[in-house]
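Notes to accompany the following structure.
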Amino acid sequence: MEKKKEKLNQSFYIENYGCQMNIADSEIVTSILCKDGFFLSENLEKANIILFNSCSIREKAELTLKKRLEQLQFIKKKKKTLFGVIGCLSKKVKDLLLKEKKIDFFVNPNSYKEISNFIRHAMIGQKYFSFSYQKNETYADISPFLKKNKITTFLSITRGCDNMCTFCIVPFTRGRERSSNPYYIIDECQRLYQNGYKEITLLGQNVDSYRWTQGLISIDFSELLNLLAIEIPLMRIRFSTSNPHDMSDKVLKVIHKHSNICKHIHLPVQSGSNKILKLMNRKYTREKYLSLVNKIRSIIPECSISHDIMTGFCNEEEKDHKDTIDLMNKIQYNYGYMFSYSPRPGTYAYRKFKDNVPQDVKKKRLKEIIDLQKKHSSFRMKEYLGKVQEVLIEGESKKNHRYWYGRNTQNLVVVFPKESYKIGGIASVKITDATSATLIGKIYKDVKK
Ligand code: 5AD
Ligand code: SF4
């Protein structure tokens, strides 16, 4: 049924916490609200409604949200601004925030189409009401809100997760895994390209398990990638996250085949110890993971690989930590994201295992892997010295406005003096210097035809 549209003259502002998926969801929520008669404000203090798109994967993200809500209570009191949390939040924290009147409403990731109703109820002081919860919702029929002068964006192709890693809250907050209709995905990417976007990152907790079936038609992730690369040949295509357990040779071959599919794989390992991987229910061993990395490098030699590693998981001993260090040394990743384990209420690990690695040990191990990654990143970045890279220009460098900022196909940041070009252009850049996080270069003029 078509929703009644009325001009509400109510503005909203969204703050994002957590992952790329939340950024993509905020653009979906913005589209829904604009369609329902609200308008987006660029100014937090002037908005009638502030939405906080929260993440509860790690305790730290939840604490950041709580701190921010506290910090902004003065606006709520002064202007009677409505505060709403969207995204992932554990039930305990949600109930507490509502009870303490820190927020006026909460909308979970499967109910965004109902967000206007939540706001209307909150406007008359009703915090709880029954709403439809669409466990199969993909939002594939909602076009993300287009921002001016943006050339790169995210698009969710799968939602939820069925993997049940024992430490992870995602299957509980986002529900079962489902895939979007590939024809909507292709149409959306085409629309983005026509609106000036030059790069799209396809998102899912586990993109490799993408599968869409209707009647006799069945499309998997490698086929989706192949279709997109052919249909939109000038669009750069990225994807995240790949699960080592599900990544197939077919996907690797498609990445290798198309120059517009970026040569970067984010491949969370979490731990280098088989004992810990088993406790985490990760469904692969370190040997399988190492052989997958070898396969990636033999099929796509120029591919960069990044990781997520979690340190201090339940029962992690010094020898398990050493296994992680050893695996990192064997792979020498381009970059990675490292965390120390925080128990999440509701997860298997929270219920069944003891969080028995002391905080100071977690901290020490985390520092060790961060320092080691920095060393590996520096080494990997130096491999680019003297090489010419194709860089998609995303904007001005924050540190020096006379430099452009962009990324190469391996998702590594490149900065170089402006000279010419504009945002959205692809420049050939010769790398002359490198830090552990940034490649520095100059425009390469001597292009051989
Ligand atoms: N504690 C710490 N890190 C976590 N992650 C997921 N759950 C937890 C947790 N309970 C990390 C994993 C995952 C990344 C998105 O967040 O490394 O890959
Ligand atoms: Fe969480 Fe594991 Fe699913 Fe990733 S694959 S979202 S870590 S349950």
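The values are calculated or read from the model by the stated rules, or taken from the named source; none is laboratory data. The structure presented is a predicted model; accordingly, all values stated were derived computationally and were not measured. Using ideal geometry, Cβ is built from the backbone for each residue, glycine included, and neighbour counts are taken over all protein chains shown. Just so you know, the surface numbers come from the protein's heavy atoms only, side chains and all, with ligands and any DNA or RNA stripped out. Shrake-Rupley method; radii C 1.70, N 1.55, O 1.52, S 1.80 Å.
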- Within the set of pairs 6 or more residues apart or between chains, which connect a residue that is within 16 Å of T311 (Cβ to Cβ) inside the range 335-352 to a residue that is part of a helix (DSSP H, G or I) and of a type in the set (G, A, S) with Cβ atoms less than 9 Å apart? G336/S377; Y341/A349; P343/A349
- Task: Say whether the condition of being open to solvent by less than 20 Å² (accessible area, probe 1.4 Å), away from ligand 2 (no atom under 11 Å from the Cβ) and within 25 Å of M235 (Cα to Cα) is met by at least one residue in the range 141-152.
- Result: yes
- Message: Tell me whether the range 108-117 contains one or more residues that are closer than 15 Å to Y17 by Cβ and open to solvent by less than 10 Å² (accessible area, probe 1.4 Å).
- Response: yes
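State all residues of the range 137-172 that are over 11 Å from Q205 (Cβ atoms), among the polar types (S, T, N, Q) and outside any strand (DSSP E or B); if no residue qualifies, say none.
Taking the range 137-172 as the starting set, the residues that turn out to be over 11 Å from Q205 (Cβ atoms) are 137-155, 164, 166-167, 169, 172.
When the remaining residues are screened for being among the polar types (S, T, N, Q), the result is 138, 143, 149, 152-153, 166.
Result: T138, S143, N149, T166.
Output the strands (runs of 3 or more DSSP E) that fall wholly within the range 205-260 and possess 1 or more residues being closer than 27 Å to G336 by Cα and within 16 Å of ligand 1 (Cβ to nearest atom), or say none.
Details: elements: 211-214, 217-220, 236-240.
Hits in the range 205-260: 236-240.
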- Query: Can you tell me which residues in the range 159-209 are more than 13 Å from ligand 2 (Cβ to nearest atom), under 19 Å from the mean Cα position of the chain (by Cα) and under 15 Å from E137 (Cα atoms)?
  - Reply: R178, S179, S180, I185
- Item | Residue count for the range 287-310, restricted to those that are of a type outside the set (S, T, Y), within 16 Å of ligand 1 (Cβ to nearest atom) and within 27 Å of Y348 (Cα to Cα) | 4
- Message: What's the number of the only condition in (1) of a type in the set (A, V, I, L, M); (2) away from ligand 2 (no atom under 16 Å from the Cβ); (3) assigned to a helix (DSSP H, G or I) that A61 fails to meet?
- Response: (2)
- Please indicate, with yes or no, whether at least one residue in the range 214-235 is open to solvent by less than 20 Å² (accessible area, probe 1.4 Å), within 16 Å of ligand 2 (Cβ to nearest atom) and in the same structural domain as T158 (by TED's automatic domain parsing). yes
